[in-house]
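Engineer: The structure's right below; bear with me while I get my questions together.
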Amino acid sequence: MGGFFGAVSKRDCVLDIFFGVDYHSHLGTRRGGMLIFDEKDGFQREIHSIENTPFRTKFEKCLSDFHGCSGIGCISDNDPQPLMVRSHLGVYAISTLGCINNKEEIIEKYFSDHTRQFMAMSSGEVNCSELVAAIINEKEDIVSGIRHVQDVIDGSLTILLLTDKGNIIVARDRLGRLPVLIGKNDDGYAVSFESFAYQKLGYNDFYELGPNEIVDMTADGIQTIAPASDKMRICAFLWTYYGYPNSRYEGKNVEVVRCKNGKIMARNEQENGGIPNVDYVAGVPDSGVPHAMGYAHQSGIEYARPFVIYTPTWPRSFTPANQAVRNQVAKMKQIPVPELIEGKKLLLVDDSIVRGTQLGETVDFLYGAGAKEVHMRSACPPIMHNCKFLNFSRSNSVNELLARRVIQELEGDEGQKHLDEYADPHTERGQCLLKRICQKLGFESLGYQTLEGVLEAIGIDKEKVCTYCWTGKE
């Protein structure tokens, strides 16, 4: 994934940028960047690896060197950014968030006239923000350039530009798959992925960009310079997993939606007589907890924490990048509460089941600590497709996804033609999927939230919500 934060102010706003970007650290683990503009001294920039050290630690020592009344920053799970660009459109900084599926095709098109080149990163790859800047620079003004980008790319892209005049131009991706929110205080404005980031800094909610909208921000006000589109496909996983609990998107708070989602899941199971006889309902920390609380409240089963996550030395569950080390870290972080495990029947609720690796280890850990039964509930449907619009649930093959891997084991290529049936627990194929996953991961029982249940919990028009990872439909 990744996150962004920017501010324009009548006062020095370096600390706002620093804390605002840091509040997006839950969205990425590879690179962090800050870029500040001062009318006298121009641009100042720092980019650091945050794979083994948090953003805050890496950037605290840089703060005394930064000064200025406008700036942007980012947490990136992909390329180092923000980048500086000089072109016929002037000098500007750029940061991007999203996914370009046809990146190589675009690059090859540039190379075909034998007059273009890009700076290669150590991996040999082209930085996506540099590529986006090149596409923007094909046009005669920034707005036309950004619109051109949205037309050319296959995927999703949110763009922040900081100009040499100190204003920020921000563009939400074409179908609004990710949020762009603006806050206001007495001195200026902030733009952010997460609303709580600017709220903690004294900004109040002011404006939420629509899909494909482009806004120009100065300390004196904001102006829409390209209108929003009617069609939106905001990502449902904002509320399911990676949105922070106190954030709001499209007016819907993350924590409230997750609790409601758990209640709906339990309600549906009650109506079908499917809630097992267990001692406790528990959430898989952290994002599974509110789903589980809702489930416990609706079912009337006591909520408990049979294990806790040790975070002082490993604060983020998806670091480091190496999968084997990440699995070991996840194992080391789980600390049992024996009094709530030994001889107990537990029902775990997680936000989702993607590859199933760590979840299987969690079940083994609970049985090893003396659990009598472990039941599992997923707060969303089976994930059948890798996300092609963001960097969530992206992998080399769909068969890395647990549901698709099990379907292949059950029925081979023929099974891949019946994904809708496998996603429906009321069908024979759906029951086979649940049974096989239980066998593989050691669950006593398994249930998935329905797509209808997720959409009911979110509570906005279903036509405006992206559910591609579950349905494969854009």
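The values are calculated or read from the model by the stated rules, or taken from the named source; none is laboratory data. On a predicted model such as this, the values are computed, not experimentally measured, just so you know. With ideal geometry, Cβ positions are generated from the backbone for all residues, glycine too; neighbour counts draw on all protein chains shown.
Engineer: Out of the range 441-468, which residues are assigned to a helix (DSSP H, G or I) and either surrounded by fewer than 20 Cβ atoms within 10 Å (Cβ to Cβ) or aromatic (Phe, Trp, Tyr) (or both)?
Structural biologist: Matches in the range 441-468: Leu451, Glu452, Leu455, Glu456, Lys462, Glu463, Lys464, Tyr468.
Engineer: Given the conditions (1) within 15 Å of Ile214 (Cβ to Cβ); (2) surrounded by 22 or more Cβ atoms within 10 Å (Cβ to Cβ), report the number of the one that Asp141 does not fulfil.
Structural biologist: Every listed condition holds for Asp141 apart from (2).
Engineer: So, of the residues in the range 335-367 that are in contact with an Asp or Glu (Cβ under 8 Å, 6 or more places away or on another chain) and modelled with pLDDT of 90 or more, which turns out to be surrounded by the fewest Cβ atoms within 10 Å (Cβ to Cβ)?
Structural biologist: From the range 335-367, those in contact with an Asp or Glu (Cβ under 8 Å, 6 or more places away or on another chain) are 344-346, 355, 359; that's our starting set.
If we keep only those that are modelled with pLDDT of 90 or more as well, we get 344-346.
On the way: Lys344: 21, Lys345: 16, Leu346: 24.
Step by step, filter the range 335-367, then rank; the result is Lys345.
Engineer: So, one more: Checking the condition over 23 Å from Ile182 (Cβ atoms) and in the same structural domain as Asn204 (by TED's automatic domain parsing), which residue from Cys62, Cys13 passes?
Structural biologist: Cys62
Engineer: So, Asn277, is that one of a type in the set (S, T, N, Q) and either assigned by TED's automatic domain parsing to the domain that holds Ala197 or under 20 Å from Gly453 (Cα atoms) (or both) or not?
Structural biologist: no
Engineer: When the residues of the range 410-439 are filtered to those that are basic (Lys, Arg) and under 26 Å from Asn261 (Cα atoms), which remaining residue is surrounded by the most Cβ atoms within 10 Å (Cβ to Cβ)?
Structural biologist: For the range 410-439, the residue satisfying everything is Arg429.
Engineer: Please verify whether Gln44 is in the same structural domain as Arg172 (by TED's automatic domain parsing), polar (S, T, N, Q) and under 14 Å from Val132 (Cβ atoms), treating the condition exactly as stated.
Structural biologist: no
Engineer: Return yes when Val281 is assigned to a strand (DSSP E or B) and either modelled with pLDDT of 95 or more or crowded, with 21+ Cβ neighbours inside 10 Å (or both) and no when it is not.
Structural biologist: yes
Engineer: Another question, if that's okay. Could you tell me how many of the residues in the range 151-171 are within 26 Å of Ile47 (Cα to Cα) and out of contact with any strand residue (DSSP E or B) (no Cβ under 6 Å at 6 or more places or on another chain)?
Structural biologist: Number of matching residues: 1.
Engineer: Could I ask something else about it? For a quick check of your reading: which strands (runs of 3 or more DSSP E) sit entirely within the range 25-84 and have at least 1 residues that are over 20 Å from the mean Cα position of the chain (by Cα), surrounded by fewer than 23 Cβ atoms within 10 Å (Cβ to Cβ) and β-branched (Val, Ile, Thr)?
Structural biologist: Numbers: elements: 31-38, 42-49, 70-76.
Correct list: 42-49.
Engineer: Which pairs turn up if I take residues in the range 398-409 that are surrounded by 21 or more Cβ atoms within 10 Å (Cβ to Cβ) and look for partners that are among the small types (Gly, Ala, Ser) and assigned to a helix (DSSP H, G or I) with beta carbon separation below 6 Å, at least 6 apart in sequence or on another chain?
Structural biologist: Ile407/Gly415
Engineer: Next question. Can you tell me which condition Asp286 does not meet? The list is (1) in a loop (DSSP other than H, G, I, E, B); (2) at pLDDT 95 or above; (3) under 16 Å from the mean Cα position of the chain (by Cα); (4) not aromatic (Phe, Trp, Tyr), and all the others hold.
Structural biologist: (2)
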